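The values are calculated or read from the model by the stated rules, or taken from the named source; none is laboratory data. Quantities reported herein were computed from a predicted structural model and do not represent experimental measurements. Note: ideal-geometry Cβ built from the backbone for every residue, glycine included; neighbour counts use all protein chains shown. These area figures cover heavy atoms from the full protein model, side chains too; ligands, DNA and RNA do not enter into them. Shrake-Rupley method; radii C 1.70, N 1.55, O 1.52, S 1.80 Å.
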Amino acid sequence: MSSGPKTPDIGARLTFDLSKPGRRACALPPCDVPAAELPPPQLLRRELNLPELSQVDLVRYFLALSRLNYSVDSGFYPLGSCTMKYNPKVHEKLASLPGFTGLHPLQPLATVQGALALMYDLQRWLADITGLDAVSLAPAAGAQGELTGILMVKAYLTDRGEEGRTRVLVPDSAHGTNPATAAMGGFEVVTVASDSQGNTDRQALASALDDGVAALMLTLPNTLGLFDPNIGRIAEMLHRKGALLYGDGANLNALLGRARFGDMGFDIVHLNMHKTFSTPHGGGGPGSGPVVVKGYLAPYLPTPVVGKEGEGFVLATPERSIGRVGAFYGHFGVLVRAYAYLRTLGVEGLRQVSDNAVINANYVLARLRPAYHLPYDRRCMHEVVFSGSRQRAKGVHTLDIAKRLIDYGFHPPTVYFPLIVDEALMIEPTETESKEALDAFCDALLAIAREAEEEPQVVKEAPHTAPIGRLDEATAARRPVLRWRREAGDES
Amino acid sequence: MTLPYVPNTAADRQAMLAAIGVASVEELFADIPSEFRTGELGLPPALSEPELVRELSALAGRNRPVDGMPCFLGGGAYRHFIPSVVSEVIGRSEFATAYTPYQAEISQGTLQTIFEFQSMVCELTAMDVANAGMYDGASALAEACLMAAGVSGRRRIALLSTLHPHYQAVVRTYAFGRGLAVDVLPPDGLALSEEHACLAVQQPNFFGHFLPDAEAVGRAVHAAGALFVVSADPISLGLFRPPGEYGADVAVGEGQSLGSPLNFGGPYLGLFACRQEYLRHMPGRIVGRTSDAQSRTGYVLTLQTREQHIRRERATSNICTSQQLVALAATVYLAAMGKQGLRQVAELCYHKAHYAAQRIARLPGYSLAFDGLFFKEFVVRCPRPPSEVNRALLERGIIGGLDVSQYVENGLLLCLTEMSTCEEIDRLVEDLAEIGGSA
Amino acid sequence: MPSPADRRYTKEHEWVRVEDNVGTVGITDYAQDQLGDIVYLDLPSPGTQVKQLNKLGEIESVKAVSDLYSPVSGEVVAVNQEVIDRPELVNQSPYEEGWLVRLRLADPAEVDNLLTAKQYDELIAQARET
C-alpha cells in the first residue's frame, strides 16, 4: 500500500479550521478621530468566533472550492425550465461600472438619472415584449414576482368586494412555487388536470371554474415544453367567470419575438431575468422577477415604479399599490445585465433566441426518441420531457441516468419534474448551445440507454468520476449538522 | 447579424431541421394560433459590443456615485469597505455561472461556501441555525414574522415603531397575503396581547439607537407567549452583544454591508437565523454536512421537505432562487476581515459617528434628537429643513444624510462608516456650521 | 412475503393491531419501501383525539412528505420515541420496532371497516402491476 500523499478531504477543512490567531487577509487604517468612550462591557460581545486567515490562504481556499463546481462556463446545463443560457461577459464589466455600483438608493434623484433612465427603458421594453402595459422591476426573484402578482390579484378583487374568490387554480404540471405562492397569498389551491395531449384539460377547468375562483396560474409553454393552442379560449373562460389569468413567464425563451402574453389574454405575468434574460445564476441567485400587468392592474403594482416627469425620471407610488416587496427598488445590479442583453439582441435578436431554442429542443427530441419514452408525442417548444420508464424495467431509475451523465461530463437535466410524468427527464438546451454540444449530449444519453440494457450496475452506481460520490442525504436530514463547531466532531 | 451567443449557423439549422423532419422553423411554432403571432416590437436596434460599452458607460456617466464624494447617507444601505478578495472570488465564473446546487456531487464549491456562510451567521448572531440567505433584510424580517405566526398559531404581528419604515412596509405586504394584522407599537408603550405572534425590533433602530434594555423586552415578549424577532445590523455585531444572548428567537438582518456595493438598492442579502426548535419551520435553503461512501466529507441541501418543490402549498415559504452570490461575497468578507477585522470596522464606525455627533451637537442651531447608545447613525435636529441642508451640501460636493423630518422635526439622519475620514467629517461640520449660520 | 395476519390495514398503507382496546399503529412494508429513507416523523402528542382516516401526522423521506392517516378513532396514549430519534427504524422494522403511536379505541367496531391482510396484499399486488 502506498503511503504517499492522499487526496485531501477538502470538505473537512473550513476557513475555521485553517484559522490561526493573529493572521489577517485585509488591513484597515487606524482610527483618525479621537476615540469615544466605549459602552459598558455588558453591552458588548465577549467573543467573536470568525476565522483569521492570511490573504493567500483565503484565495487558495476559495479557488480550490470553485474548482469543485460545475458551471455554465465549464459545460452544458440541460435543465428544463431553468433556461441556463450563456452569461455574456461584457455584462459583468458593465454591471461593475462605478457609475452603477456606487449609487446609494436614497441619494438625490437628480444624481441618479442614468440609473432611472435604464430602469424606465427596461420597464418599457419588457411591457412591449410581453404585450402588457405596466411593469414593476421590484421583485427579487421569480417566486417573489409570483407573490407580487397574487397579492395584486387579491388587492384588486378585495377592492371590488369580491373577497369570496378564495381559490386559485394551478395545473398538475405546475412548478412548486405556484401553489406555495398561492398559499402565501391566503388562497386555497385547487389542482387542474392536464389532458392526454399535455394541455390543460378544459373540462376539468370548466368544472373547477366557479365564482369562488380568483385566478388560474399557467406556465406557457408549460413545464412539459408544450404550447397550449387553446390558450385564447382558456383566457375567455376565466374572464367570463370574473377570474384573472396569471402567467408564470419562466418559459418565455420559446416565445421571444414570436408571441405575447398580453395578446393571449394574460392579466399578470412574472418574468425571470436569470432565465430568459441571460443574467447569471450565481449558484442560487441573485435573480430578478419583474411583473408585467394589464393597464387596469397598474394601480396595484408594488412601489416604487420609475416614471417620467418632463425631461427627468422620478420614482412614483401607484395609487392602490400593494406596498413594498423589498426595502428598495429591486435588483438593479441584475437589471443592468438584462438591459445590456436587450440592447445586444434588438428585435431581430429576440427571434434568433426563440428560433434556435426551439430548434435545439426539437433536435434533441428527434435524436433521443428511439431510446427514451416520450410521454407526449408532439412537437415541443424550447424544452422536451422524456420518461425513464423504459429503463426502469431494467431497474435503472432516472436518478441513476442523471448521475451517470456526470461521468460523461454533463450536468444532469431536471429530474422528477413535472410530477405528472413518471421518472421525468426534462431537457432544455437553450439557444446558446451548438449542434456539436447537443450531439455530444445526445450521444451520452444514448450510450447510457445502452448501458442500462447491458450493464445496469455501472449506471446505478454512478457517478464514478465526480469530485465526490453520492452523498448520504438520509443522515444529513435525520441528524442535521448545519454549522461548523469547534470540536470538529459530527455532532451538531 | 448572428448573435455571438447563438452558435448555430444556417448550415447547422438546415441539418437539424432535416433531422427533426420539418422544412422550416415556422413549422415548429405551429401550435401558436396565428392571431397571437407577433409583428413589430419597439426595441432599439441591436448593438455590437463596443457600441454597447459606449452606451452603458454614457448611462453610468449620468450618475454621481458616492465613492467619489464624502457621503453621510445610511438608512438601510451602507457604504462600507469591500476588500478586493471579495470581487476576486465572486468573479470566478465557477461560482457566478453555476446553478442551484441540487446535484451535490458537482456543486461542492457552492455547497461548502453556503455551510461556511451559515456557520458565520450563527456565530455573528449567536443563534443555533441559519439558512442560506433570503432576498434582503426587509423580506427576511417579513418571513420571520410569518414564521412566528405559523409556529404560534396567532394572527397578529407586533412591530416596534422604530423599525425602518420600508421594513415595516414589507412586513405589511407579506402580512396581507396571510391575512395577518400588523400593530405598530411605540417603545414606551409595549403592550403585547395573547394574539401577538411576535414582536420585531431593530438593533440599532432606524435612528441608530439601541434598546435601553433589550433583555427586558425579550422577557416581556416571552411572558406574552410570543416570539422575539430582532433585525440586527451585522457590522454592529462585530462589537455589540448579539441577539442570541439577549433572548431573540429569530435574528434577521441586511447583509449588504458585508462585502456588497450599494448597487442602487440591490441585489442585497437577507440574513436569517433562529433557535434550534424552529429549524423545521425556517424558510429558505439549508445546507448540511454529510459524507459519501468513501467517507469523504461533503455537503448537501437538506431538510428540503420544508421547501416549495416538495411541500408545494404547505411549504414554509415559496422562496426558490435567493441571493447565493451575494451570500458568497458576505462569506469571503467575513473570512477576510476575520475576528479582529470585523471588530475593528465596528469600532471605526462607532468612534467616527460619535466624533461627528459631538462636534455637530456643539454647533449653534443643531442638536442631537435622541439620547442613549447609538452606532453608525444618529439624528440631528437642524436649524433649517433638512432638504435645504442636503441641497446646500450637495452644492459643496457632499452627499448629506437622510431627511427624516417626517419623524423628527427638521431631523437629518447621518451615517458614519469606516469610509469617512476625519478630514471629511471636519469639512462636514464646517459646512453645516455655514449652512446653519445662513438661516 | 404476505402482510402479517394479526392486524388490519388501510388503503393508505397504515396498519393497526388491537390488544385490550389499545391499537398499535404503523405503516406497512410497502409504504416504507415506496417512501425510501425516512428522515423525520411528525407525530401527535399523547392526549390528542383522532378520527378514523383523518390525518394523524406526517412522514418525511429525503424527497417527499406523506400524510399519515389514523386507521381508527381514539386518543393517543403513547408515541414511539425510538422512531423519533432513529427514523430509520421504520424502514428496518415497519411491523415491530418501527411502530408509531398507540391509541385507545373509541369504537372497537371500526376495525371491521379496515382491510384484512389478504385484502391489503391484493391491493398492493394491483398497484405493483400498474
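Please compute the average number of Cβ atoms from other chains found within 10 Å of each residue's Cβ in peptide A:8-21. List each step's numbers first, then the result.
Numbers: counts 1, 6, 6, 12, 6, 2, 9, 11, 5, 0, 1, 3, 0, 3.
Going residue by residue through A:8-21 and averaging, the value is 5.
Quote to one decimal, in nm, the extra length available between B:Asp371 and B:Glu245 on full extension: 0.36 nm per residue of separation minus the C-alpha distance between them. Write out the running numbers ahead of the final one.
Working: separation 126, 0.36 × 126 = 45.36 nm, distance 2.40 nm.
That works out to 43.0 nm of additional length.
How many Å³ per residue does the convex hull of the Cα positions in chain B occupy? Write down the numbers at each step before the final one.
Working: hull volume 92.7 nm³, N = 439.
That works out to 211 Å³ per residue.
One quarter of the convex hull surface, Cα atoms only: what value does that give for segment A:90-345 in nm²? List each step's numbers first, then the result.
On the way: hull surface 53.9 nm².
Dividing the Cα hull surface by four gives the mean projection, 13.5 nm².
Residue farthest toward the positive end of the dipole of chain C, with Cβ of Lys/Arg at +1 and Asp/Glu at -1: which of C:Trp99, C:Asn21, C:Ile84?
Farthest towards the positive pole: C:Asn21.
For the pair B:Arg362 and A:Leu44, what calculated FRET efficiency results from E = 1/(1 + (r/R0)^6), where r is the Cβ-Cβ distance and R0 = 35 Å, to the nearest 0.05? Let's see the in-between values first.
Numbers: r = 27 Å, r/R0 = 0.77.
For R0 = 35 Å, the calculated efficiency reads 0.80.
So, R0 is 25 Å and r is the distance between the beta-carbons of B:Ala181 and C:Asp42; what FRET efficiency does that work out to, to 0.05?
Values: r = 28 Å, r/R0 = 1.13.
Between B:Ala181 and C:Asp42 the formula returns 0.35.
Check each of the GluC sites (Glu not before Pro) in segment A:419-492 and keep only those in coil by DSSP with at most 13 other C-beta atoms within 10 angstrom; list them in order. Write down the numbers at each step before the final one.
Working: sites: A:Glu423, A:Glu431, A:Glu433, A:Glu436, A:Glu451, A:Glu453, A:Glu454, A:Glu461, A:Glu473, A:Glu487, A:Glu491; in loops: A:Glu423, A:Glu431, A:Glu433, A:Glu461, A:Glu487, A:Glu491.
The qualifying sites are A:Glu487, A:Glu491.
Which values of log₁₀ I(q)/I(0), to two decimal places, follow from the Debye formula for segment A:420-463 at q = 0.23, 0.25, 0.33 Å⁻¹ with a uniform point scatterer at every Cα?
For segment A:420-463 at q = 0.23, 0.25, 0.33 Å⁻¹, log10 I(q)/I(0) is -0.93, -0.97, -1.08.
I'd like the Karplus ³J(HN,Hα) series for segment A:211-218: coefficients 6.51, -1.76, 1.60, θ = phi - 60°, whole numbers in Hz, and an x wherever there's a Gly or Pro.
After applying 6.51 cos²θ - 1.76 cosθ + 1.60, I find 6, x, 9, 8, 6, 10, 9, 10 Hz.
Under a plain spin-label model, where a point goes 7 Å from the Cα along Cα-to-Cβ, how far apart in nm are A:Glu92 and B:Glu49?
1.3 nm
Once amide H atoms are built 1.01 Å from N in the peptide plane, which residues 5 or more positions from A:Leu68, or in another chain, come under 5 Å H to H?
B:Gly109
From other protein chains only, count the Cβ atoms within 10 Å of every residue's Cβ in A:160-170, then give the mean. Let's see the in-between values first.
Values: counts 0, 0, 0, 0, 0, 0, 0, 0, 1, 0, 2.
Going residue by residue through A:160-170 and averaging, the value is 0.
Let me spell out the model: positive unit charges on the Cβ of Lys and Arg, negative unit charges on the Cβ of Asp and Glu, origin at the Cα centre of the protein assembly as shown. What dipole size does that give, in debye rounded to 20? All intermediate terms of the calculation are to be shown ahead of the outcome.
Working: 95 positive and 124 negative charges, 266 e Å.
Rounded to the nearest 20 debye, it is 1280 debye.
Gap in Å between the Cα centre of segment B:22-83 and the Cα centre of segment A:195-222?
34 Å
Of A:Phe328, B:Phe81, which has the most accessible area and how do the rest follow, probe 1.4 Å? Walk me through the intermediate numbers first.
Numbers: A:Phe328 10, B:Phe81 65 Å².
Sorted by accessible area, descending: B:Phe81, A:Phe328.
Using θ = phi - 60° and the Karplus relation 6.51 cos²θ - 1.76 cosθ + 1.60, list the HN-Hα couplings for segment A:153-166 in order, rounded to whole Hz, with x at every Gly or Pro.
With coefficients 6.51, -1.76 and 1.60, one gets 4, 4, 5, 4, 5, 4, 4, 8, x, 10, 4, x, 7, 10 Hz.
Structure shown: which of A:Lys241/A:Lys275; A:Lys85/A:Lys435; A:Lys154/A:Lys241; A:Lys93/B:Lys339 lie over 21 Å apart, alpha-carbon to alpha-carbon? Mind showing how you got there, number by number?
Numbers: A:Lys241/A:Lys275 33 Å; A:Lys85/A:Lys435 15 Å; A:Lys154/A:Lys241 16 Å; A:Lys93/B:Lys339 32 Å.
Cα-Cα > 21 Å for A:Lys241/A:Lys275; A:Lys93/B:Lys339; rest within.
So what's the gap between the Cα centers of segment A:14-36 and segment A:114-141, to the nearest angstrom?
43 Å
Give the residue list of GluC sites (Glu not before Pro) in segment B:174-253 that are DSSP loop and have at most 13 other beta-carbon atoms within 10 angstrom. Write out the running numbers ahead of the final one.
Values: sites: B:Glu194, B:Glu195, B:Glu215, B:Glu245; in loops: B:Glu194, B:Glu195.
Qualifying residues, ordered by number: B:Glu194.
Projected area of segment B:85-332, taken from the Cα convex hull and averaged over every viewing direction, in nm²?
13.5 nm²
So what does A:Leu44 come to for accessible area, using a 1.4 Å probe and Å² rounded to 10?
Using a 1.4 Å probe on the heavy atoms, I get roughly 20 Å².
Roughly how many Å is it from the Cα centre of segment B:214-266 to that of segment C:30-70, as a whole number?
Taking the Cα centre of each part, segment B:214-266 and segment C:30-70 sit 36 Å apart.
Counting partner chain Cβ atoms within 10 Å of every residue's Cβ in A:370-379, what's the average?
Numbers: counts 0, 0, 0, 0, 0, 0, 0, 0, 1, 8.
Mean number of neighbouring Cβ atoms from other chains: 1.
Could you give the longest part of chain C that holds none of the GluC sites (Glu not before Pro) found in DSSP loops with at most 14 neighbouring Cβ atoms within 10 Å?
On the way: sites that count: C:Glu96, C:Glu97.
Of all site-free stretches, the longest is C:1-95.
Tell me which trypsin sites (Lys or Arg not before Pro) from segment A:338-443 have a DSSP coil assignment and no more than 16 other beta carbons within 10 Å of their own.
Filter output for segment A:338-443: A:Arg378, A:Lys394.
Please provide three numbers in whole Å: the alpha-carbon extents of chain A along the principal axes, with the largest listed first.
72, 71, 44
Which of the three applies to segment C:1-112, rounded, prolate or oblate, going by the alpha-carbon gyration tensor with a ≥ b ≥ c and a/c under 1.5 meaning rounded? Working shown, then result.
Numbers: a/c = 1.67, a/b = 1.34, b/c = 1.24.
The shape class here is prolate.
Please work out the FRET efficiency for the pair B:Glu409 and A:Glu162, using the Cβ-Cβ distance as r and a Förster radius of 45 Å; give the result to the nearest 0.05.
On the way: r = 44 Å, r/R0 = 0.97.
Computed FRET efficiency for B:Glu409 and A:Glu162 comes out at 0.55.
Report the rotationally averaged projected area of the protein assembly as shown based on its alpha-carbon convex hull, in square nanometres. Show your work: numbers first, answer last.
Working: hull surface 174.4 nm².
Over every viewing direction, the Cα hull of the protein assembly as shown projects on average to 43.6 nm².
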